[in-house]
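Worksheet for the structure shown next.
The values are calculated or read from the model by the stated rules, or taken from the named source; none is laboratory data. Worth saying up front: this structure is predicted, and the values here are computed from it rather than measured. Glycine also receives a Cβ, built like all others from the backbone with ideal geometry; neighbour counts cover every protein chain displayed. To get the accessible areas, we keep the full protein, side chains included, count just its heavy atoms, and leave off ligands, DNA and RNA. Shrake-Rupley method; radii C 1.70, N 1.55, O 1.52, S 1.80 Å.
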Amino acid sequence: MTTTKNFSILPEENRLNNIHLHQILLNISDGCYYLNKDMQLLFVNRSAENMFNIVKDEILGRNICEAIPDLCRKVCKQLYQSYKKQRGISFDLSYANTNYFKVKTIPDTKGLLVIMQDITETKKENERRAYYEKLRLIGEMAAGVAHEVRNPLTTVKGFLQLVEKNEDLLKYQEIFLLMINEIDRVNSIISEFLDMAKNKPSRKEKEHLNEIIQSIYPLLETRAIKENKKIHLQLHPLPLLNLDQNEIRQLIINMVNNSLDAMHAKASIHISTYLDRGQVVLSITDEGTGIAPEVMNKISTPFFTTKEKGTGLGLAISFAIAKRNNANIDFTTDSSGTTFSIRFTIQDHY
Ligand SMILES: Nc1ncnc2c1ncn2[C@@H]1O[C@H](COP(=O)(O)OP(=O)(O)O)[C@@H](O)[C@H]1O
Ligand SMILES: [Mg+2]
């Protein structure tokens, strides 16, 4: 009796379990496909539909290579081999140069389960971490050297200033001035470098970002007027932010100097602040030449510059400052100009 009863319940339990498993697979955050032995899609879950912008009903029953051609060019062979050899494999995959997935396969005799985990954010976070670690290391190494170089330079500058005033050497005054200016330039490069190397925490206080911008405006305007360029401010009401105001000043100066460098006379810069999706945004838009596509991912690397007299440190320092002040920097650019947006996270500021 008992045996018969159990026997009659088991398939029902199985059926329930199958429905349950199906629901789980359908809703998990990883993308899941099941392919039969001809690589036709028999199952596609919701995350997979979103990942590749596909509609399940349009691709079910079709061969995966036809259904998602962009994906398949890269992985079709590997998937088929995994099924044929009945061996699970795992590999990383980049899709459309913007998304990254960890792909895992689980073959069985009838086909292949493919699981795709979106690792785009983790990958970007790792890249960010590696970048800041590089900044820190370069900074640390250079800080030691910079201190040592600065002392003899100060001595040389002192002597140059002394002999420059010597009446017998008046005809060389221009050359002395040039030498002194060059020493000042080396000194300012070292100062910028030490800024970047700075490891001590920022001195943050509750600040009005708009007031910081207004306080630095006359300085920015001085250079702009000299070069017959304009700077417009459009500042909207903002909540208080926890900021190191000296660092934020430095960041704004670096950005605006880059914009001025990139623009011809009569062009304008627009500095604006506003709230966007729970973040405070400081955006600096210029009418400059734009950033060439081939250098876009190099501009924040220390010492990368396209300018004859550039140090290549302005943006590296600005990225480091943004990070210390709970902000991210992104930019858009084309041949009519560039916009840098510095986005401050508000919730971290209270
Ligand atoms: N607003 C901008 N417009 C065009 N190019 C820019 C802009 N900001 C930065 N760049 C590019 O990024 C490079 C690095 O900038 P930065 O780190 O400030 O160093 P530097 O100004 O000394 O060259 C610049 O040489 C330039 O090619
Ligand atoms: Mg610069």
Which of the residues that make up the range 246-258 are farther than 15 Å from residue 221 by Cβ, more than 9 Å from ligand 2 (Cβ to nearest atom) and open to solvent by less than 40 Å² (accessible area, probe 1.4 Å)? 247, 248, 251
Hits in the range 293-350 - residues which are assigned to a helix (DSSP H, G or I) and near ligand 1 (Cβ under 7 Å from one of its atoms): 295, 314, 315, 316
Taking the range 290-333 and keeping residues more than 13 Å from ligand 2 (Cβ to nearest atom), under 20 Å from residue 264 (Cα atoms) and surrounded by fewer than 17 Cβ atoms within 10 Å (Cβ to Cβ) leaves 290, 292, 332
Could you name every one of the helices (runs of 4 or more DSSP H) located completely within the range 35-114 that has at least 2 residues being charged (D, E, K, R) and open to solvent by 60 Å² or more (accessible area, probe 1.4 Å)? 56-59, 69-84
